[in-house]
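Heads up: the structure comes next, in structure tokens.
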């Protein structure tokens, strides 16, 4: 809960609004499009949350939206291959 991280996350609000997504939906859509992620585990405390999460699974974010997310969080996203793995899960499955 650092101030710089919270400020970066707040930059995502207009991006989510522009995509007509909630913040959790934006996060889930980003995770599902990230080549470094093999799967996402979701859930919810209420049926509405599960339904909302499922709706995000069909969303494809534009390259501009991905770039906006990356710009907002650039100092918090790990891009060092040695830290995240030499290859993405999709490449390991080939």
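Please treat every number below as a calculation from the coordinates, not as lab data. Computed from a predicted model, the values in this text were never measured in an experiment. Note that we place each Cβ from the backbone using ideal geometry, even for glycine, and neighbour counts take in every protein chain shown.
Descriptive notes on the structure:
- In the stretch 38-59, the count of residues that are buried (at least 17 other Cβ atoms within 10 Å of the Cβ), touching a helix residue (DSSP H, G or I) at 6+ places or on another chain (Cβ under 8 Å), touching a residue at least 24 places away in the same chain (Cβ under 8 Å) and not in a helix (DSSP H, G or I) is one or more.
- Tally, over the stretch 60-73, of residues that are touching a helix residue (DSSP H, G or I) at 6+ places or on another chain (Cβ under 9 Å) and surrounded by 11 or more Cβ atoms within 10 Å (Cβ to Cβ): 7
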